[in-house]
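Enquirer: Could you have a look at this structure, given as structure tokens, before my questions?
The values are calculated or read from the model by the stated rules, or taken from the named source; none is laboratory data. In this text, all values refer to a predicted model and were calculated from it rather than measured experimentally. All Cβ positions, glycine included, derive from the backbone under ideal geometry; neighbour counts span all protein chains shown.
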């Protein structure tokens, strides 16, 4: 199999899922807590969500070898990084990439971030791994 490159786009599905979970948590908290607790929790969840959105997102990755990949990020200050993938898990709606070094967080790739052909190639890689 050739060493494919995967061009990732912004995931609208992940955004909507996070927004719905945010609304669900707030709707559960609203009747249980006094108004000032509700406002405080709303502010804290909003800050947490915005800080999550600030993290550099993977823009592109390419297989170099069986497990070695190069990753390019949306943040131009970050250089292209070489990482070794230890495990690939297919969860139908998303694929999780686990890296050999603990300092690198798990990478989640949603189904709407790739074209249909690239998604099928990545699912095939997950089955073969």
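Enquirer: Before we move on, is residue 53 part of a strand (DSSP E or B) and within 18 Å of residue 14 (Cα to Cα)?
Expert: The answer is no for residue 53.
Enquirer: Being more than 16 Å from residue 62 (Cα to Cα), in contact with a strand residue (DSSP E or B) (Cβ under 9 Å, 6 or more places away or on another chain) and free of Cβ contacts under 8 Å to residues at least 12 places away in the same chain is true for just one of 106, 77. Which residue is that?
Expert: Result: 106 is the single residue among 106, 77 that is more than 16 Å from residue 62 (Cα to Cα), in contact with a strand residue (DSSP E or B) (Cβ under 9 Å, 6 or more places away or on another chain) and free of Cβ contacts under 8 Å to residues at least 12 places away in the same chain.
Enquirer: Would you call residue 43 modelled with pLDDT of 85 or more, more than 16 Å from residue 99 (Cβ to Cβ) and more than 22 Å from the chain's Cα centre (by Cα)?
Expert: Judged against the criteria, residue 43 is a match.
Enquirer: Could you please give the count of residues in the range 73-88 that are surrounded by 14 or more Cβ atoms within 10 Å (Cβ to Cβ) and under 22 Å from residue 124 (Cβ atoms)?
Expert: 4
Enquirer: If you go through the range 51-66 one residue at a time, do you hit one that is surrounded by fewer than 13 Cβ atoms within 10 Å (Cβ to Cβ) and farther than 25 Å from residue 122 by Cβ?
Expert: yes
Enquirer: How many residues does the range 93-103 hold that are touching a residue at least 12 places away in the same chain (Cβ under 8 Å), in a loop (DSSP other than H, G, I, E, B) and over 14 Å from residue 69 (Cα atoms)?
Expert: Total satisfying the criteria: 1.
Enquirer: For the range 104-129, what are the residues that are assigned to a loop (DSSP other than H, G, I, E, B), surrounded by fewer than 13 Cβ atoms within 10 Å (Cβ to Cβ) and modelled with pLDDT under 90?
Expert: Listed by number, the list holds a single entry, 105.
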